[in-house]
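In what follows, a structure is listed as structure tokens, so that the remarks can point back to it.
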Amino acid sequence: MNSESLSKSIQEGTVTPENIREFVENVISDQESKRWNDSEVERVLKSIFDFGLGPEQTAALTDSMRFSGRCLEWPEEWKHLVVDKHSTGGVGDKVSIPLAPALTSCGLKIPMISGRGLGHTGGTLDKLESLPGFNVQLSIEDIITQVSDIGISMVGQTEDLVPADRRMYAIRDVSGTVASLPLITSSIISKKAAESLDALVLDVKFGRAAFMKEKKDARELAAAMVDASNRCGIKTSAVLTTMDQPIGSAIGNSLEILESIETMRGNGPWDLEELVCAQGGELLHATGIAKDAEIGFVMIQDSLHDGSALQCFIQMAESQGVDSSVFESEHSLCLALGLLDPELNTTEIASSISGTISDIDAMKLALVALDLGAGRKKINDVIDHSVGFLLNVELGQSIEEGEIWITAHHRGQLSNKMVEKIKESIQITDSDFEPESRIHEWIR
């Protein structure tokens with residue numbers, strides 16, 4: 001079937017899983033006569049974008065992409081303990097960094113393959129690279145060895161994993177076909193499936209600072225990913241969480257690493273700890289380590305407060321190239337993260353009124369953080385790991401006029417426009433305000 005015929009069958013709703021599998025073979029084929037050119041691939045992607053795919057066809061696309069390259073392989077005796085998580089991203093979203101070592105300390109194996117950020121702040125890999133020497137580019141063999149030895153790795157995608165996604169995403173990016181439910185689903189789940197997971201949890205965010213603004217759209221994406229992943233043989237659930245306010249107190253790569261480590265010392269903000277414990281508890285239950293998710297929640301919480309999660313994190317960091325002396329004291333950690341750089345300035349901003357904090361606009365702060373250099377506007381931009389914000393307050397807290405509520409870490413001077421945007425991001429009311437849990441719904 002050529003690209004025109006396949007596009008027509010997608011449009012008419014008659015495309016079969018076998019047609020989809022043949023399409024992926026044509027995307028990655030080494031045979032010049034069989035490999036489709038970019039225009040042919042784009043034609044099919046546009047048809048999927050315009051007309052969608054059914055659940056069976058989406059699962060076939062996902063599974064075919066998964067097997068377009070190598071997959072991680074695990075020993076029979078513990079392959080049922082291999083898990084991971086995925087988040088659709090947000091402001092201050094550092095959940096993976098304490099979660100993965102917490103899961104490891106509870107007996108699970110985590111070959112976490114993460115990405116970089118294009119937008120307001122860096123992705124998980126950018127945050128980890130705030131630690132000098134942290135090597136996120138391990139080979140498949142090195143990933144397998146490290147997970148076998150210490151139970152955890154946090155790395156970037158290798159050239160061998162899911163090559164079909166790399167080519168398809170590059171074409172989607174320039175053809176306006178990124179925001180398609182089956183294409184988003186297959187792109188995300190195929191990479192997780194290539195890790196040969198037993199269980200997966202998905203954190204799908206909605207709100208003004210999320211990829212999905214509306215809860216109904218987030219639910220639709222979550223349901224599609226859960227279905228495709230389960231059809232690929234992975235026990236999968238998704239949690240819908242809000243992304244209106246920043247997660248935790250830190251925005252910016254180094255600051256988020258510092259907050260993640262504090263969370264693994266039992267001193268993290270309540271909303272971050274809740275997300276870590278809820279998602280970790282779900283995975284402990286899915287793999288049979290915990291009787292139910294509630295018991296799993298407590299097990300993860302214990303690992304954060306007794307230091308075992310932090311020890312797993314430090315062991316991973318050292319295994320991936322970080323000098324152990326970085327973790328000897330708070331001063332050495334801040335120095336390594338660049339937070340004591342004499343060229344780094346701090347500006348404290350105070351509240352102009354007294355009252356109760358009812359809102360902190362994550363997106364407004366994120367856009368200022370991007371202008372400070374915490375993220376990328378273009379794919380080849382260089383991130384400044386040390387810049388960002390540290391919030392001194394949280395929702396529902398009372399604040400007095402003149403009290404500092406946020407500290408900006410920046411180079412040079414903050415412009416008046418930046419200061420105004422920061423001030424506009426906080427809402428203070430004269431009535432009581434009770435913050436709600438970020439967790440709205442589980443999809444299983």
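The values are calculated or read from the model by the stated rules, or taken from the named source; none is laboratory data. Predicted, not measured: the structure shown is a model, and the values here were computed from it. Note that we place each Cβ from the backbone using ideal geometry, even for glycine, and neighbour counts take in every protein chain shown.
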### Message
Suppose the filter is modelled with pLDDT of 95 or more, within 19 Å of the chain's Cα centre (by Cα), among the hydroxyl-bearing types (S, T, Y) and surrounded by fewer than 23 Cβ atoms within 10 Å (Cβ to Cβ); does S139 pass it?
### Response
no
### Task
Spot the failing condition for T121; the list is (1) of a type outside the set (A, V, I, L, M, F, W, C); (2) more than 18 Å from M316 (Cβ to Cβ); (3) surrounded by fewer than 24 Cβ atoms within 10 Å (Cβ to Cβ), and only one is missed.
(3)
### Message
Condition first: among the hydroxyl-bearing types (S, T, Y), on the phi < 0 side of the Ramachandran plot, surrounded by 19 or more Cβ atoms within 10 Å (Cβ to Cβ) and not assigned by TED's automatic domain parsing to the domain that holds G123. Can you find one or more residues in the stretch 377-390 that meet it?
### Response
yes
### Task
From the list A199, A210, A218, pick out the single residue that is in contact with a strand residue (DSSP E or B) (Cβ under 6 Å, 6 or more places away or on another chain), surrounded by 22 or more Cβ atoms within 10 Å (Cβ to Cβ), of a type in the set (A, V, I, L, M) and closer than 28 Å to G252 by Cβ.
A218
### Query
Within the stretch 408-444, how many residues are over 30 Å from G233 (Cβ atoms) and either of a type in the set (A, V, I, L, M) or in a loop (DSSP other than H, G, I, E, B) (or both)?
20
## Note on the structure
Of the residues in the stretch 65-105 that are of a type in the set (G, A, S) and touching a strand residue (DSSP E or B) at 6+ places or on another chain (Cβ under 6 Å), the one that is modelled with the lowest pLDDT is G90
### Query
Looking at this structure, is S29 out of contact with any His (no Cβ under 6 Å at 6 or more places or on another chain) and surrounded by 20 or more Cβ atoms within 10 Å (Cβ to Cβ)?
no
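Evaluate the following for V91: is it β-branched (V, I, T) and outside any helix (DSSP H, G or I)?
Details: β-branched (V, I, T): yes; outside any helix (DSSP H, G or I): yes.
For V91, the condition - β-branched (V, I, T) and outside any helix (DSSP H, G or I) - is met.
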## Note on the structure
Output for Cβ contacts, cut-off 9 Å, separation at least six or different chains, first residue farther than 21 Å from A102 by Cα and in contact (Cβ under 8 Å) with a residue 24 or more places away in the chain in the stretch 314-338, second surrounded by fewer than 16 Cβ atoms within 10 Å (Cβ to Cβ) and of a type in the set (S, T, Y), reads A336/S325
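When the stretch 175-187 is examined, which residues are found to be aliphatic (A, V, I, L, M) and surrounded by 23 or more Cβ atoms within 10 Å (Cβ to Cβ)?
Here is the first cut: in the stretch 175-187, the ones aliphatic (A, V, I, L, M) are 178-179, 181, 183-184.
Across the stretch 175-187, there are no qualifying residues.
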#### Entry: Verdict on R172 being more than 19 Å from the chain's Cα centre (by Cα) and surrounded by 20 or more Cβ atoms within 10 Å (Cβ to Cβ)
yes
### Query
In the list R70, R35, R21, which residue meets the criterion of being outside any helix (DSSP H, G or I), in contact (Cβ under 8 Å) with a residue 12 or more places away in the chain and farther than 21 Å from L221 by Cβ?
R70
### Message
Here is a list: S5, S47. Which entry is surrounded by 15 or more Cβ atoms within 10 Å (Cβ to Cβ) and either free of Cβ contacts under 8 Å to residues at least 60 places away in the same chain or under 30 Å from L284 (Cβ atoms) (or both)?
### Response
S47
### Query
Looking at the stretch 241-268, which of the residues that are closer than 29 Å to V226 by Cα and surrounded by fewer than 24 Cβ atoms within 10 Å (Cβ to Cβ) is farthest from the chain's Cα centre (by Cα)?
D244
